[in-house]
Amino acid sequence: MIGWYVHHHGWGHVTRMQAIRPHLADDVTVFSSLPEPESLAPRTIWVQLPSDSDAVTGADGVRREARELGDVTARGTLHWAPLGHPGHQARLAAIADWVAIHPTSVFVVDVSVEVTTLVRLLGVPTIAVAQPGDRTDAPHRLGYDLADRILAPWAPGTIPAKALVGREDRVRAVGAISRYDDRAHPTADDDVRRVLFLGHALDPLTLAQTIELLTEAGWAVENAGTSEDDRVDDVWPQLCRATVVVSAAGQNSIADLAAADARAVVIAQERPFDEQKDMARTLSARGLAQIVSADPSPADVFDGIRRAADAEPRWDAWQVSGAAARAAAAIEELAR
């Protein structure tokens with residue numbers, strides 16, 4: 001049995017799990033605060049954990065935010081461990097109870113230093129999933145030190161991960177993991193110049209004004225996930241027919257761009273540890289995308305799109321093909 005913790009921020013962590021899952025032969029139990037996805041691979045169980053950040057009412061009848069309960073970082077050793085929080089206690093207890101009754105070959109943690117610490121203390125072989133950005137703080141170092149393997153979802157040598165220096169013997173850099181790995185590329189049946197705005201890369205006003213500039217210049221525009229009204233379950237056909245894709249710099253979004261061999265404008269969003277800024281710098285240095293500042297004008301975005309349309313990025317360096325299977329092999333390597 002394989003255990004798997006999925007962090008609840010966004011959908012990138014669960015998307016990565018779902019891309020790797022079909023390549024694993026063993027049963028998998030997933031733990032997350034997120035609700036169960038509409039579809040899961042066979043022999044996959046989803047355990048929804050309680051929130052560890054809700055306000056709680058104490059014995060004195062006063063309702064307090066989780067941060068008000070005491071030092072949530074244990075003097076900087078951890079990222080989030082609120083004192084006396086019932087949800088925090090219950091979620092860790094649920095994982096510990098499961099490990100106690102299920103022979104667990106390996107536990108993948110994507111991502112949480114607290115869960116990594118718990119699972120390794122329970123004597124289970126543990127895999128920590130690495131992320132871009134400056135992860136050299138004490139909690140990240142603790143998590144990487146405790147992990148028996150560190151799964152890096154990028155190609156060797158592409159992401160300058162300082163936190164992994166000195167830990168290379170346990171790192172498995174498998175390439176960028178995309179849900180569209182090995183999917184056939186549909187081709188556009190016309191010569192229309194198209195821009196796809198993917199996700200929340202721009203605020204609504206800047207997006208609307210940029211679309212106006214593009215329309216005036218003869219571009220066709222498509223949106224996917226820019227608001228609650230244009231969510232798309234399968235964005236692959238749009239990715240492939242777009243002349244240029246405008247996207248944030250999240251790991252999964254960039255992996256999908258690489259799978260589609262897309263010309264792209266990338267706008268890094270504010271994220272903890274400068275994750276997306278780190279990714280954007282890497283893409284710029286390798287000539288894989290046009291980078292626009294985090295608060296661009298419509299003219300800036302339009303200019304980036306025109307430059308991207310003339311580019312010829314070489315996404316093969318991102319090593320998307322086979323990355324999910326290589327990640328599964330790294331997991332099974334530790335499970336044996």
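Here are the numbers:
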{"quantity": "Extreme residue, farthest from the chain's Cα centre (by Cα), among residues of the stretch 201-227 that are of a type in the set (D, E) and assigned to a helix (DSSP H, G or I)", "calculated": "E216"}
{"quantity": "Residues of the stretch 227-250 that turn out to be farther than 13 Å from A262 by Cβ and surrounded by fewer than 20 Cβ atoms within 10 Å (Cβ to Cβ), as a count", "calculated": "8"}
{"quantity": "Test: R16 is among the basic types (K, R), touching a helix residue (DSSP H, G or I) at 6+ places or on another chain (Cβ under 7 Å), closer than 22 Å to S112 by Cα and modelled with pLDDT of 95 or more", "calculated": "yes"}
{"quantity": "Boolean, A74 is out of contact with any Gly (no Cβ under 9 Å at 6 or more places or on another chain), surrounded by fewer than 18 Cβ atoms within 10 Å (Cβ to Cβ), assigned by TED's automatic domain parsing to the domain that holds L164 and more than 28 Å from E275 (Cα to Cα)", "calculated": "no"}
{"quantity": "So A248, is it under 15 Å from the mean Cα position of the chain (by Cα), closer than 20 Å to A130 by Cβ and among the hydrophobic types (A, V, I, L, M, F, W, C)", "calculated": "yes"}
{"quantity": "Condition met for D230 (closer than 23 Å to H9 by Cα, out of contact with any Ser or Thr (no Cβ under 9 Å at 6 or more places or on another chain), part of a loop (DSSP other than H, G, I, E, B) and at pLDDT below 95)", "calculated": "yes"}
{"quantity": "Of all residues making up the stretch 13-72, the number that are of a type in the set (A, V, I, L, M), part of a strand (DSSP E or B) and within 26 Å of A259 (Cβ to Cβ)", "calculated": "2"}
{"quantity": "Of all residues in the stretch 33-67 being under 30 Å from A19 (Cβ atoms) and either acidic (D, E) or in contact with an Asp or Glu (Cβ under 7 Å, 6 or more places away or on another chain) (or both), the one that is surrounded by the fewest Cβ atoms within 10 Å (Cβ to Cβ)", "calculated": "E38"}
{"quantity": "Conditions (1) at pLDDT 95 or above; (2) of a type in the set (D, E); (3) over 24 Å from the mean Cα position of the chain (by Cα): number failed by D26", "calculated": "(3)"}
{"quantity": "Wholly within the stretch 79-187, helices (runs of 4 or more DSSP H) carrying at least 2 residues that are surrounded by 23 or more Cβ atoms within 10 Å (Cβ to Cβ)", "calculated": "86-101, 113-121"}
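The values are calculated or read from the model by the stated rules, or taken from the named source; none is laboratory data. In this text the structure is predicted, and so the values were computed from the model without any measurement. Using ideal geometry, Cβ is built from the backbone for each residue, glycine included, and neighbour counts are taken over all protein chains shown.
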